[in-house]
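Here the structure is laid out as structure tokens; the discussion comes afterwards.
The values are calculated or read from the model by the stated rules, or taken from the named source; none is laboratory data. These figures come from a predicted structure and were not determined experimentally. Neighbour counts run over all protein chains shown; Cβ positions are idealised from the backbone, glycine included. Calculation scope for accessible area: heavy atoms of the full protein, side chains included, ligands and nucleic acids excluded. Shrake-Rupley method; radii C 1.70, N 1.55, O 1.52, S 1.80 Å.
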Amino acid sequence: MNWAVTTYDSAFGYVSAHGAPLVDLLDPQPGERVIDLGCGTGTFSAEIAERGAEVLGIDGSPDMVAQATAMHPGLSFIVGDAHDFTVTESFDAVASNAALHWMTRDPDAVIGRVHAALRPGGRFVGELGGAGNCAELIVAMQTAWRVFGLGEPELPWYFPSPAAYATKLEDAGFTLRLLEHAERPTRMTEGPNGAADWVRAYAARALADVPPEMVDPLLDRVNDLAAPALRRESGWVADYVRLRFAAVRRSDGAAPLPFGPLASDRPL
């Protein structure tokens, strides 16, 4: 895997962070209280719980929370908006897997609510789409929309650069410990029709205002435009670029710590 990596210290030497499961980077301990923010159907929550932590899954979709509750009846899930959720007790960690880039209304507010939910020294670990994520897919969509005389497609994602997201975390009261920005081409499994099925699955909002009789030819054009870059003999791939980070909440009023070993006596 060709990682373009920015690391701020060696505090994560205990785990091979490049491509390792996010749960390994989180390193949840028995008895810890962890929020899975944007939990979806609870798969990541279950992985955290397998390490012995107490997990609270939060998602803005009632349907997702209902599915998570049905699939993982021993875990706790609630409906909540990441931009304004509150908890009554402090948590040891907040983790988020492939969800933060959907929280577009105010990314700073999301980070602020995470900060408020954590105890001082608590961990914030996540992975989201980074700058350049789905660039070929997005260009194919935008070009197809123009060819068909449509306005710019509404894209429901936020893909920050490493520098921009690092600044947001630090300004919100976190000390950044690790940040990675990496290409991760990923086999499309959403359907047999390549980029067209990907758009139907992940960019349905962009299709909402398209006349019904135009949808199929429009998506055929998306496929034609995306195929040179994304279609392989083995099938279609999505041009994913991931931003992975690990940070700790500073004590209130504390100055940012220099990049070095964590202040706690256990790794993040």
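Residue under question is Tyr202, and the condition is that it be at pLDDT 95 or above and of a type in the set (Phe, Trp, Tyr); does it hold? Working first, answer last.
On the way: at pLDDT 95 or above: no; of a type in the set (Phe, Trp, Tyr): yes.
For Tyr202, the condition - at pLDDT 95 or above and of a type in the set (Phe, Trp, Tyr) - is not met.
Taking into account only those residues within region 238-268 that are of a type in the set (A, V, I, L, M) and surrounded by fewer than 18 Cβ atoms within 10 Å (Cβ to Cβ), which is modelled with the lowest pLDDT?
Here is the first cut: in region 238-268, the residues of a type in the set (A, V, I, L, M) are 238, 241, 243, 246-248, 254-255, 257, 262-263, 268.
Narrowing further to those that are surrounded by fewer than 18 Cβ atoms within 10 Å (Cβ to Cβ): 254-255, 257, 263.
Values: Ala254: 54, Ala255: 49, Leu257: 43, Ala263: 32.
Out of the qualifying residues, it is Ala263.
Say we look at region 227-237 and pick out the residues that are open to solvent by 90 Å² or more (accessible area, probe 1.4 Å) and not in a helix (DSSP H, G or I); which of these is modelled with the lowest pLDDT? If you could, list the steps in order and put the result at the bottom.
Pass one, region 227-237, residues open to solvent by 90 Å² or more (accessible area, probe 1.4 Å): 228, 231-233.
Applying the additional criterion that residues be not in a helix (DSSP H, G or I) yields 231-233.
Details: Arg231: 95, Arg232: 92, Glu233: 89.
Among residues in region 227-237 that are open to solvent by 90 Å² or more (accessible area, probe 1.4 Å) and not in a helix (DSSP H, G or I), the one modelled with the lowest pLDDT is Glu233.
For region 111-132, does any single residue satisfy the condition of being acidic (Asp, Glu) and exposed (fewer than 15 other Cβ atoms within 10 Å of the Cβ)? Quick ask: steps written out before the conclusion?
Looking only at region 111-132, we keep the residues that are acidic (Asp, Glu), and these are 127.
Restricting the remaining residues to those that are exposed (fewer than 15 other Cβ atoms within 10 Å of the Cβ) gives none.
Checking region 111-132: not a single residue is acidic (Asp, Glu) and exposed (fewer than 15 other Cβ atoms within 10 Å of the Cβ).
Determine which member of the set Trp157, Trp145, Trp198 is more than 30 Å from Arg249 (Cα to Cα), touching a Cys at 6+ places or on another chain (Cβ under 9 Å) and either part of a loop (DSSP other than H, G, I, E, B) or open to solvent by less than 40 Å² (accessible area, probe 1.4 Å) (or both). Don't jump to the end; show me each part of the working.
Numbers: Trp157 fails: more than 30 Å from Arg249 (Cα to Cα); Trp145 fails: touching a Cys at 6+ places or on another chain (Cβ under 9 Å).
Exactly one of Trp157, Trp145, Trp198 is more than 30 Å from Arg249 (Cα to Cα), touching a Cys at 6+ places or on another chain (Cβ under 9 Å) and either part of a loop (DSSP other than H, G, I, E, B) or open to solvent by less than 40 Å² (accessible area, probe 1.4 Å) (or both), namely Trp198.
Output the residues belonging to region 40-62 that are closer than 10 Å to Val79 by Cα and either buried (at least 24 other Cβ atoms within 10 Å of the Cβ) or aromatic (Phe, Trp, Tyr) (or both). Let's see the steps before the verdict.
First, the residues of region 40-62 that are closer than 10 Å to Val79 by Cα: 57-62.
Once the filter is applied, which keeps residues that are closer than 10 Å to Val79 by Cα and either buried (at least 24 other Cβ atoms within 10 Å of the Cβ) or aromatic (Phe, Trp, Tyr) (or both), region 40-62 yields Gly57, Ile58, Asp59.
Could you please tell me which pairs satisfy a Cβ distance under 8 Å, a separation of 6+ or placement on different chains, a first residue in region 105-117 that is within 18 Å of Asp252 (Cα to Cα) and at pLDDT below 95, and a second residue that is open to solvent by 30 Å² or more (accessible area, probe 1.4 Å) and assigned to a helix (DSSP H, G or I)?
none
Scan region 98-125 for residues that are under 21 Å from Gln29 (Cα atoms) and of a type in the set (Lys, Arg) and report the count.
Selection size over region 98-125: 2.
Of all residues in region 160-174 being surrounded by fewer than 22 Cβ atoms within 10 Å (Cβ to Cβ) and hydroxyl-bearing (Ser, Thr, Tyr), which is farthest from Cys134 (Cα to Cα)?
Thr167
Is it true that Ala95 is farther than 28 Å from Gln29 by Cβ and open to solvent by less than 70 Å² (accessible area, probe 1.4 Å)? Lay out the reasoning, then the answer.
On the way: farther than 28 Å from Gln29 by Cβ: no; open to solvent by less than 70 Å² (accessible area, probe 1.4 Å): yes.
No.
I'd like to know if region 116-132 contains one or more residues that are part of a helix (DSSP H, G or I) and of a type outside the set (Val, Ile, Thr).
The initial filter retains those residues of region 116-132 that are part of a helix (DSSP H, G or I), namely 116-117.
Among the residues that remain, those that are also of a type outside the set (Val, Ile, Thr) are: 116-117.
Scanning region 116-132, I find at least one residue that is part of a helix (DSSP H, G or I) and of a type outside the set (Val, Ile, Thr), so the answer is yes.
Test Met214 against the stated conditions and say whether it is crowded, with 20+ Cβ neighbours inside 10 Å and modelled with pLDDT of 95 or more. Before the answer, list the steps.
Working: crowded, with 20+ Cβ neighbours inside 10 Å: no; modelled with pLDDT of 95 or more: yes.
In short, no.
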